[in-house]
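Inspection log for the structure reproduced underneath, given as structure tokens.
What follows is calculated from the coordinates using simple rules that are stated; it is not laboratory data. The model shown is predicted, which means the values in this text are computed figures rather than measured ones. Cβ atoms come from the backbone with ideal geometry, glycine included; neighbour counts cover every protein chain shown.
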Amino acid sequence: MTVSLFAVLASGFALAAYTAAVLPVRVGRGWRSPGVVRRSVVVACLLMTGLNAGVAAAPDDLATSPAILAGDLVVLCGGVVALRSARLVAHPTCLPRRIVAVSAHPDDLELGCGGAIAKFVDSGHEVHSVVMSGGRNGGGLARQDEAAAGGDFLGVTSLVVLDLPDSCLPDHGPAMIRAIEDALDRYNPDLVLTHSAHDRHQDHEAVHQATVRAARGHPSILSFESPSASDEFTPQVFVDIDQYVDTKVEAVGRHDSQGSKPYMRPEHVRALAVVRGRQGRVRHAEGFEAVRVLDSRIGP
Ligand SMILES: [Zn+2]
């Protein structure tokens, strides 16, 4: 009877380890590093599989069984805690993609596509962010830290913040093109995200132009919406962020130095998501203009 119990437990932990290793799992954003949590769960389950299988194969050696059972209990409790903050978001037909997101200022990605970035990350995709300016002229040195906090919260794979002067980016086209080309060479992305051409902010417009030039040979570029977008901004692609509106609001809130601006308020972020959601026929969405899109690179 005891042997059967340990054999069943070994099988159960082996199945749990396989599930945690293979299926994309969204770990709650309160966790510091979802990847570490995930690997820890897999390692713990594999360890308990081996121990339970060892006891099951040696029924005479029951002296160790209480210790193994205690270990089982600890790992099971840990699994329950993880399940309370984790949710399966499996996309079994969607291969992992790489995305490079390029913006002018530290808060642009959170405002323009923070929901989509969080959704991509949780679906198992890599997101590499390139921010052209630390935004010193528009909020001081704190904005560098805010960029890191926002990117960290969304779970981006990497974040580079260049030290180009904000409000003067149109004067730095060649430097921006070089930086974007470097990122494209390094990450070979399936999708590039950047500002729209229909944006009144000179920095945003300059980053759009630099990205389009640097990615001139790239098949898939989408432009996100900024608060300074002009009336000509016309999204044709929508990302359903119904599960990610709160995440987006919280990511935007990481930019304390910009908190007094009306478009940083949660109600503004939510209202725009409702408007774009209405256009996209879902509850909440982010809208993107397609510079060009190749379906085989983007996937579902
Ligand atoms: Zn900006």
Between 0 and 90°, nearest 10: helix 2-22 axis offset from the chain longest Cα axis: 10
Percent of beta bridges antiparallel (DSSP, the range 98-298, rounded to nearest 5): 30
Sequence-separation-based contact order of the chain, relative, with Cα cut under 8 Å and 6+ spacing, percent: 17
Hz values of 3J(HN,Hα) by residue in the range 180-195 - Karplus curve (6.51, -1.76, 1.60), Gly and Pro given as x: 5, 4, 4, 5, 5, 5, 6, 9, 6, x, 7, 9, 10, 10, 7, 5
A101 long-range amide H proximity, modeled H, under 5 Å: H128, S129, V130, L193
Note, ³J(HN,Hα) from phi for the range 111-117, Karplus 6.51, -1.76, 1.60, rounded to Hz, x at Gly and Pro: 6, x, 8, x, x, 5, 4
Förster radius 41 Å - calculated FRET efficiency between R281 and V160, Cβ distance, rounded to 0.05: 0.70
For the range 198-300, Kirkwood radius (reciprocal of mean inverse C-alpha pair distance, Å): 14.9
Label-point gap, in nm, between A271 and N188 - each point 7 angstrom along Cα→Cβ: 4.6
Cα-projected label distance for A70 with R216, points at 7 Å along beta-carbon direction, nm: 6.9
Cα pair count fraction exceeding 14 Å, expressed as % - the range 116-173: 57
The chain: angle of helix 34-57 to the longest principal axis, Cα-based, in degrees nearest 10: 10
When the convex hull of its Cα atoms is projected in every direction, mean area for the range 98-298 (nm²): 9.7
Isotropically averaged projected area of the range 133-201, using the convex hull of Cα atoms (one quarter of hull area), nm²: 5.5
Extended-chain gain in nm, criterion 0.36 nm per residue less alpha-carbon gap, L15 and S167: 49.3 nm
Simple Cβ-charge dipole of the range 98-298, Lys/Arg +1 and Asp/Glu -1, about Cα centre, in debye nearest 20: 340
Among G155, Q202, P189 - extreme Cα towards positive end, dipole of the range 98-298, charges at beta-carbon: P189
